[in-house]
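Every read-out reported here was derived from the displayed coordinates using simple, explicitly stated rules and does not represent laboratory data. None of the values given here were measured: they were computed from a predicted structure. Positions of Cβ are backbone-derived with ideal geometry, glycine not excepted, and every protein chain shown enters the neighbour counts.
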Amino acid sequence: MDWGMSNRLSRIIKTDGRTVMLAVDHGYFLGPTTKLENPHKTIEPLLPFADSIMLTRGVLRSSVHPETSTPIVLRVSGGTSVIGESLANEGITTPIIEALRLNATAVALSIFVGTPHEKQTLLNLSSLVSEGESVGMPVLAVTAVGKELEKRDARYLALSCRIASELGARLVKTYYCEGFYKVVEGCPVPLVIAGGPRLETEMDAFKMTHDALAAGAVGVDMGRNIWQNEHPVPMIRAVNAIVHEKASPKEALEIYKNLKSKRK
């Protein structure tokens, strides 16, 4: 692996082999979703506690200070919206040269296995990987399911993750599911889990994070379960404690409560 590729990956996955990524790229298909109406206001207090941040070039330019040292994972696929016919009908929206110009540490795009647009999104991935490898830019593949959340089972996710790795993705973002270890066993590159839609309680998010790590994930790429929380900074710090300090879900909840009380 080239030095540049290795260096970029090491900025995302820390020396303990773990990572806490902050996902704020939702607006590219959801628009001004709740608590992300003003991206700068949401992002700024969370940046010091994120190992990297995943977002689009528009939000990067408008809402993140150039002085930041937090690695950027640039969302480079899109072309659909939540009110469109299919979220799977994506293309490449941002070229590799733009990612280099923005000093991105990695680029990310979605694949939609099992949809009418499967071939299109998998070829998007293949093309992006080829460009990325030529300049030392890692590609993170997101195993998206669009609006069909019932697809999030081990058999489907194992298939999607394996295909992403076979096509050259250096990292894969997927969903946690029952039997997640099967997904990990079949994927030869590091996996991070998505937070997904907002869970009912903080403990649900902490338990999902803990269980995913125990099954072999290297970390999380969490969004709504952090910044839609009433106390987002205590929330991301508690997630950090699980990922980097091996805290239990119960210990993370205590950390969250203690930090929350100090901010009142």
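Which of LYS35/LYS119; LYS173/LYS262; LYS35/LYS182; LYS182/LYS250; LYS41/LYS119 have a Cα-Cα distance over 31 Å? Walk me through the intermediate numbers first.
Values: LYS35/LYS119 34 Å; LYS173/LYS262 33 Å; LYS35/LYS182 34 Å; LYS182/LYS250 26 Å; LYS41/LYS119 38 Å.
Pairs exceeding the cut-off: LYS35/LYS119; LYS173/LYS262; LYS35/LYS182; LYS41/LYS119.
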Pair GLU37, GLU251: separation of 7 Å Cα→Cβ label points (nm): 3.9 nm
Sparse-neighbour loop sites [GluC sites (Glu not before Pro); region 103-163; at most 14 other C-beta within 10 Å; DSSP]: GLU148
Electrostatic dipole magnitude of the chain [Cβ: Lys, Arg +1; Asp, Glu -1; Cα centre; debye, to 20]: 580 debye
For region 74-96 and region 41-67, distance of Cα centres in Å: 20 Å
Volume of the Cα convex hull of region 112-264, divided per residue and given in Å³: 116 Å³
Taking the chain and dividing mean pair separation by its residue count, relative contact order in percent (alpha carbons under 8 Å, at least six apart): 17 percent
Calculated from backbone phi, Karplus (6.51, -1.76, 1.60) coupling profile of region 99-116 in Hz, x at Gly/Pro: 4, 5, 4, 8, 6, 5, 8, 7, 10, 9, 8, 9, 10, 10, 6, x, 10, x
Helical segments meeting 15 Å axial Cα length and Kyte-Doolittle -1.0 threshold in the chain (DSSP H): 118-135, 154-166, 202-214, 232-245
Calculated Rg and Dmax of region 182-264 using C-alpha coordinates, Å: 12.8, 45
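So between SER86 and GLU200, what do we pick up on full extension, going 0.36 nm a residue minus the alpha carbon distance? Could the numbers behind the result be given before it?
Numbers: separation 114, 0.36 × 114 = 41.04 nm, distance 2.72 nm.
Taking 0.36 nm per residue and subtracting the Cα distance, the gain is 38.3 nm.
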With 10 Å bins from 0: P(r) over region 3-225, alpha-carbon pairs, percent: 8, 36, 41, 15, 0
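Do any GluC sites (Glu not before Pro) in region 200-263 lie in a loop, going by DSSP, with at most 12 other beta-carbon atoms within 10 Å of their beta carbon, and if so which?
Numbers: sites: GLU200, GLU202, GLU230, GLU245, GLU251, GLU254; in loops: GLU200, GLU230.
In loop regions of region 200-263 (DSSP not H, G, I, E or B), the sparsely surrounded GluC sites (Glu not before Pro) are GLU200, GLU230.
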Per-residue ³J(HN,Hα) for region 136-145, Karplus 6.51 cos²θ - 1.76 cosθ + 1.60, θ = phi - 60°, Hz, x for Gly and Pro: x, 9, x, 10, 9, 9, 9, 7, 6, 10
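Residue separation times 0.36 nm, minus the C-alpha to C-alpha distance between GLU166 and MET1: what's the value? It would help to have the intermediate numbers written out before the result.
Values: separation 165, 0.36 × 165 = 59.40 nm, distance 1.64 nm.
Computed gain between GLU166 and MET1 is 57.8 nm.
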